[in-house]
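Peer 1: What follows is a single structure, and I will ask about it in a moment.
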Amino acid sequence: MCMAVTRHIHETKVRNETMKTFKYNDGGRADAGFTGKVQPGDCVCRAIAIATGKEYREVYEEINRRAGGGRSGSRKAKSSARNGVHKELYRDLLDEWEFEWTPTMQVGQGCRVHLRADELPNGIIICKLSRHLCCVIDGVVHDVFDPSRDGSRCVYGYWAAPESEVPDGPDSTCGYDTYCADGFVPRLSN
């Protein structure tokens, strides 16, 4: 990770730790052996891995298995856990894993729920935003960046996890940019 990115994430984390609205969490991506820059299209895999407590690689492989041949003959690109997942695929997967969908916005209604702790329910939810999914646990966004736009980002709806307990996730030695089993809180220093 380059210094500019590390510094930006660190400053964001320190600022948001005080507000308790954002925690850096890659969903176990680094622990699963994935290296390099986090891909913009992997938000579905990351959010589901965090919300379910399943290994990142397990979710990654399940998404790619379901994507199969993709949409041959269609204008839309093939779904993949790395480059983006079609909504039909992740909706079916979340339904199968007993997540409950709650819409927060209707056509022509305007935005009524924002990505803010005081506007979302407690527990584990996966929020559908414009071109992004993120996991929120008890009002705290768990992602690789803070997508809240200072609390102004509209939430189109969310999937509530079938269990109310925070998943433990994989065991790991916590580092700055790794997924941690001890309450999802990465250490900023050794």
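Read the figures in this text as sums done on the coordinates, not as results from a lab. Here the structure is a predicted model, which means the values were calculated and not measured. Here the Cβ is made from the backbone with ideal geometry for all residues, glycine too, and neighbour counts use every protein chain on show.
Peer 1: Work out from phi, with θ = phi - 60° and the Karplus expression 6.51 cos²θ - 1.76 cosθ + 1.60, the ³J(HN,Hα) of each residue of the range 98-107, listed in order in whole Hz, and give x for Gly and Pro.
Peer 2: After applying 6.51 cos²θ - 1.76 cosθ + 1.60, I find 6, 7, 9, 7, 10, x, 10, 8, 10, 4 Hz.
Peer 1: So which trypsin sites (Lys or Arg not before Pro) in the range 17-56 end up in coil per DSSP with only 11 or fewer other C-beta atoms within 10 Å?
Peer 2: Within the range 17-56, the qualifying trypsin sites (Lys or Arg not before Pro) (loop, at most 11 other Cβ atoms within 10 Å) are Lys20, Lys37.
Peer 1: For the residue pair Asp138 and Gln109, what label-to-label distance in nm results when each label sits 7 Å from Cα along the Cα-to-beta-carbon direction?
Peer 2: 2.9 nm
Peer 1: Could you pull the Rg and Dmax for the range 22-148, using just the Cα atoms, both in Å?
Peer 2: 14.7, 45
Peer 1: Any chance you could get the radius of gyration and Dmax over the Cα atoms of the range 95-165, in Å?
Peer 2: For the range 95-165, the Cα radius of gyration and maximum Cα-Cα distance read 11.5, 35 Å.
Peer 1: Next question. Name the long-range amide H neighbours of Ser79: under 5 Å, sequence gap of 5 or more, or other chain; modelled H, no Pro or chain starts.
Peer 2: Placed amide hydrogens put Arg71, His86 under 5 Å from Ser79.
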